[in-house]
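S.K.: After the structure tokens below, expect a handful of questions from me.
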Amino acid sequence: MAGYLSETDFVMVEEGFSTRDLLEELTLGASQATTDEVAAFFVADLGAVVRKHFCFLKCLPRVRPFYAVKCNSSLGVLKVLAELGLGFSCANKAEMELVQRIGVPASKIIYANPCKQIAHIKYAAKHGVRLLSFDNEIELAKVVKSHPSARMVLCIATDDSHSLSRLSFKFGASLKSCRHLLENAKKSHVEVVGVSFHIGSDCPDPQAYAQSIADARLVFEIGAELGHRMHILDLGGGFPGVEGTKVRFEEITSVINSALDLYFPEDCGVDILAKLGRYYVTSAFTLAISIIAKKEVLLDQPSREEENSSAPKTIVYHLHEGVYGIFNSVLFDNTCPTPILQKISPELTSANPPLFAEEDWP
């Protein structure tokens, strides 16, 4: 093993000790003053990350996983995944620096952002990161000038019309433009070694993967015709990270495996990759947060005649984090978190708040 981990990276707990147990232990002995001032915090079950990894290997045995650092850059997560042998998909210089700082070799890093700053391209060149993605002529020209030894992966657009988070409106080259881009790369003496795509997050249609793999096959054939030695297929991400989604992970992987067997059979010499983020970490993290205020509100705005009547009311609770902070996925991913009561203050009915644990929060 590469030796990314040490005992100081973890709080060790007994076998069978759950996240709820740990939260109870962390909050049980807190003084009232400490409880009043407690900030929101996450508890990570890194064993869940490991279990997700072995599930991935079982369901997609031909695919090498790369972790999307932007999803969750906690050192504990990065070190565990590095120890498991994953590669890392980085979006900028800071993420490349971070994973290299813990000992990840440049050969296991993809600079996968199609929109790159020149300074970050130069950083990749200086530190040996050679695998970069592109989807237009301007990005290609930037790499030609600042990182001529780069090995490029052409990012193609997908049909992500059913996905919750759609990426193809800002990333990905159309199939019609691929020949021109590949010709340009050839003229510029840039090596294009593969194709990538991303169908967006929370896609309910596994066939979107099959269609994208078929499209990638066409681009491979164009590349081969132009003299590019293409040998990498990057399936992107978008895989669900929790149970109860519209389409199960196993259903998606079954479709992917069938498409790979059809378009990229095992003896074709193509290295299959995938860039996963929430798949690995969503179910591993639990958010603990306090209620700081509550008030009664009317369910419906009463008319003037009903103002003094006994209209139905509900309780609204206020947290010390919001949608512009930890809960940003409520805005961006349309999530609907369900709180689980962890600890009740002796004076719950007055000003002192209970501590809630929000499970399965990315």
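The values are calculated or read from the model by the stated rules, or taken from the named source; none is laboratory data. Note that the coordinates shown come from a computational prediction; the quantities given were computed from them, not determined experimentally. Don't worry about glycine lacking a Cβ; one is built from the backbone with ideal geometry, like all the others, and counts go over all protein chains shown.
S.K.: Considering the stretch 65-83 alone, what residues qualify as being crowded, with 18+ Cβ neighbours inside 10 Å and outside any helix (DSSP H, G or I)?
M.R.: The answer is 65, 66, 67, 68, 72.
S.K.: Return the residue satisfying two criteria in turn: it lies in the stretch 265-279 and is touching a strand residue (DSSP E or B) at 6+ places or on another chain (Cβ under 6 Å) and either assigned to a loop (DSSP other than H, G, I, E, B) or not assigned by TED's automatic domain parsing to the domain that holds residue 107 (or both), and of such residues it is nearest to residue 314 (Cα to Cα). If you could, list the steps in order and put the result at the bottom.
M.R.: The first filter runs over the stretch 265-279 and keeps only residues touching a strand residue (DSSP E or B) at 6+ places or on another chain (Cβ under 6 Å), leaving 270-277.
Now narrow it down to the ones that are either assigned to a loop (DSSP other than H, G, I, E, B) or not assigned by TED's automatic domain parsing to the domain that holds residue 107 (or both): 270, 277.
On the way: 270: 58, 277: 37 Å.
Looking at residues that are touching a strand residue (DSSP E or B) at 6+ places or on another chain (Cβ under 6 Å) and either assigned to a loop (DSSP other than H, G, I, E, B) or not assigned by TED's automatic domain parsing to the domain that holds residue 107 (or both), I get 277.
S.K.: Now a separate question. Name the pairs whose Cβ atoms lie under 9 Å apart, with the first residue in the stretch 313-329 and in contact (Cβ under 8 Å) with a residue 24 or more places away in the chain and acidic (Asp, Glu), the second surrounded by 15 or more Cβ atoms within 10 Å (Cβ to Cβ) and not in a loop (DSSP other than H, G, I, E, B), and 6 or more positions between them or separate chains?
M.R.: Pairs that qualify, where the first residue is in contact (Cβ under 8 Å) with a residue 24 or more places away in the chain and acidic (Asp, Glu) and the partner is surrounded by 15 or more Cβ atoms within 10 Å (Cβ to Cβ) and not in a loop (DSSP other than H, G, I, E, B), are 321/287; 321/289.
S.K.: Here's something else I'd like to know. Give the stretch 322-362 a look and list any residue that's among the polar types (S, T, N, Q) and modelled with pLDDT of 55 or more, or say none. Break it down stepwise before answering.
M.R.: Quick first cut of the stretch 322-362, residues among the polar types (S, T, N, Q) only: 328-329, 334-335, 338, 342, 345, 349-350, 352.
Within the stretch 322-362, 328, 329, 334, 335, 338, 342, 345 qualify.
S.K.: What are the pairs, 6+ residues apart or on separate chains, where a residue within the stretch 258-269 that is over 18 Å from residue 207 (Cα atoms) has its Cβ under 9 Å from a residue that is of a type in the set (S, T, N, Q)?
M.R.: No pair meets every condition.
S.K.: Does any residue in the stretch 194-222 that is assigned by TED's automatic domain parsing to the domain that holds residue 60 and under 21 Å from residue 150 (Cα atoms) come within less than 8 Å, Cβ to Cβ, of a residue that is assigned to a helix (DSSP H, G or I) and β-branched (Val, Ile, Thr) six or more places away or on a different chain, and which pairs are these?
M.R.: From residues that are assigned by TED's automatic domain parsing to the domain that holds residue 60 and under 21 Å from residue 150 (Cα atoms), the pairs are 195/219.
S.K.: Next up: Quick check, is residue 199 modelled with pLDDT under 95 and touching a helix residue (DSSP H, G or I) at 6+ places or on another chain (Cβ under 7 Å)?
M.R.: Values: modelled with pLDDT under 95: yes; touching a helix residue (DSSP H, G or I) at 6+ places or on another chain (Cβ under 7 Å): yes.
In short, yes.
S.K.: Within the stretch 117-129, is even one residue of a type in the set (Val, Ile, Thr), over 27 Å from residue 213 (Cβ atoms) and in contact (Cβ under 8 Å) with a residue 24 or more places away in the chain?
M.R.: Yes, the conditions are met somewhere in the stretch 117-129.
S.K.: With the checklist (1) at pLDDT 65 or above; (2) in contact with a helix residue (DSSP H, G or I) (Cβ under 6 Å, 6 or more places away or on another chain); (3) of a type in the set (A, V, I, L, M) in hand, flag the one item residue 5 doesn't pass.
M.R.: All conditions pass for residue 5, except number (1).
S.K.: Filter the stretch 97-139 down to the residues that are under 22 Å from residue 74 (Cβ atoms) and in a strand (DSSP E or B) and list them by number.
M.R.: Those that are under 22 Å from residue 74 (Cβ atoms) and in a strand (DSSP E or B): 109, 110, 111.
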